[in-house]
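Chemist: My structure is below; once you've seen it, I'll send some questions.
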Amino acid sequence: MIRIVTPSRIHITLIDLNGSLGRVDGGIGIALDQPSIVISAEKADEVTVDGKSALSEKIRKGAELISKNHGGVHIKIEKEIPSHIGLGSGTQAYLAGGMAANVLYGLGLSVREIAKTVQRGGTSGIGVTAFERGGFILDGGHRFDEKGFMPSSASHALPPPTLLHHDFPDWSIVLVIPPAKGASGIREVNIFKEECPIPLGEVQALSHIILMELLPALIEKDLQIFGSSINRIQKICFKQREVDLQPQAGEIMEVLLQSGAAGAGMSSFGPLVYGITDSPSEVKKAVKEQLGERVKILTTQARNSGASIR
């Protein structure tokens, strides 16, 4: 019997959806300690997952793809990450199931080899590296001629290279979840078709913010400057288009900033909005007072290690 605990993740932004330099995507994100997927698994005659949930089929499929020709796996889901809200639950589910089969049958596959087999990381590499190593992650995207403009759900590209991995400071991250869902499936594909290519000037401005503001602030543990860069990222490039698709996101970000968060942003296609702060109790209290029962609120921190396997 083994037990696997995965991180979740914030996807801060994709970087280059212009592609004029021959690469596309690239992204930055943060692995989170909570919420997480927790599963237990043991060898069996076939691949089965106890219970039906939004993630059970993805966990089952991940285990099936890796255990093929070796044997079955019986999996029990103990905890889940909510689906389609911006926390990267799909990648973590596939990798958790795949890793369970990998460990039980002693296959010796790396996280990236599993990700390739279960076809995750086709656009963003944040979720794969979060499972592998945790922390703050910057990935280098894909060759444009191998992928083009499309989301991970429609891409069969390999996971992109990790350009930077760094421990994230012990700042608190307040997650605010309104009752909505982010884009997925064909809707997600259509958004990429409609919005891309992003103008080169916007991509250059975003790259400048990341290279000369966000990354130095991360290394120097400067919360205010890091927060400022997060705020600026919401108003540019593909992230601005994502935010515009979730009308409530702007209001929630403003409440977080007024409540004392240094920076606020929307993860992936949302609707989850996050605030980064060193005063989580005050921020959480103020958000609850202003938004009340309209949202769910969770305080977490970065996870500076990958999935745990025991």
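Please treat every number below as a calculation from the coordinates, not as lab data. This one's a predicted model, so the numbers in the text were calculated from it and none came from an experiment. Here Cβ is always computed from backbone atoms with ideal geometry, including for glycine, and neighbour counts include all displayed protein chains.
Chemist: FRET efficiency for Asp33 and Glu194, Cβ-Cβ distance as r, R0 = 30 Å, nearest 0.05?
Modeler: 0.25
Chemist: Over its Cα atoms, what ratio of radius of gyration to 2.2 N^0.38 Å does the stretch 172-301 give?
Modeler: My calculation over the Cα atoms of the stretch 172-301 gives 1.08.
Chemist: So which GluC sites (Glu not before Pro) in the stretch 89-148 end up in coil per DSSP with only 10 or fewer other C-beta atoms within 10 Å?
Modeler: For GluC sites (Glu not before Pro) across the stretch 89-148 that sit outside H, G, I, E and B with at most 10 neighbouring Cβ atoms in 10 Å, the list is empty.
Chemist: If I take R0 = 51 Å and measure r between the Cβ atoms of Ala205 and Leu107 in this structure, what FRET efficiency does the formula 1/(1 + (r/R0)^6) give, to the nearest 0.05?
Modeler: 0.70
Chemist: Another question, if that's okay. Exactly which GluC sites (Glu not before Pro) in the stretch 1-99 are in a DSSP loop and have at most 15 other Cβ atoms within 10 Å?
Modeler: Sites meeting the loop and neighbour criteria: Glu46.
Chemist: Okay, moving on. Mind pulling the angle between the C-alpha long axis of helix 56-67 and the longest principal axis of the chain? Nearest 10 degrees, somewhere in 0 to 90.
Modeler: With rounding to tens, the tilt is 50 degrees.
Chemist: Given Lys58/Lys284; Lys58/Lys285; Lys58/Lys147, which pairs have Cα atoms separated by over 30 Å?
Modeler: Those over the limit are Lys58/Lys284; Lys58/Lys285.
Chemist: Still on this structure, I have one more. With r defined as the distance between the Cβ atoms of Thr117 and Glu282 and R0 fixed at 35 Å, what FRET efficiency is calculated, to the nearest 0.05?
Modeler: The pair Thr117/Glu282 has a calculated efficiency of 0.15.
Chemist: List the trypsin sites (Lys or Arg not before Pro) in the stretch 9-65 that DSSP assigns to loop (not H, G, I, E or B) and whose Cβ has at most 15 other Cβ atoms within 10 Å. Which are they?
Modeler: Filter output for the stretch 9-65: Lys52.
Chemist: Run the quick spin-label model on Leu21 and Ala154: label points 7 Å from Cα toward the beta carbon, then report their separation in nm to one decimal.
Modeler: 2.5
Chemist: On a straight-distance basis, which aspartates and glutamates could pair with Lys235 in a cross-link, Cα separation under 17 angstrom, same-chain partners fewer than 8 positions away excluded?
Modeler: Straight-line reach from Lys235, under 17 Å: Asp16, Glu195, Glu202, Glu213, Asp244, Glu251, Glu254.
Chemist: With a 10 Å cut-off between alpha carbons and a GNM built on the chain, which of Lys284, Lys193, Lys116 moves the most?
Modeler: Highest fluctuation of the listed residues: Lys193.
Chemist: Can you give the translational diffusion coefficient of the chain in µm²/s, computed by Stokes-Einstein from the Kirkwood radius over Cα pairs at 37 °C and 0.692 mPa s?
Modeler: My calculation gives 169 µm²/s for D.
Chemist: Which distance in nm do the two modelled labels at Glu78 and Lys235 give, with both placed 7 Å along the Cα-to-Cβ direction?
Modeler: For the pair Glu78/Lys235, the computed spacing is 4.5 nm.
Chemist: In whole percent, what relative contact order does the stretch 172-301 give with Cα contacts below 8 Å and a gap of six or more residues?
Modeler: Relative CO of the stretch 172-301 lands at 39 percent.
Chemist: Give me the three principal axis extents of the stretch 30-103 from the C-alpha atoms, as integers in angstrom, largest value leading.
Modeler: Rounded to whole Å, the extents work out to 34, 23, 17 Å.
Chemist: Please name whichever of Phe226, Val174, Ala261 sits farthest to the positive end of the charge dipole of the stretch 172-301, dipole taken about the Cα centre and charges placed at Cβ: Lys and Arg +1, Asp and Glu -1.
Modeler: Val174
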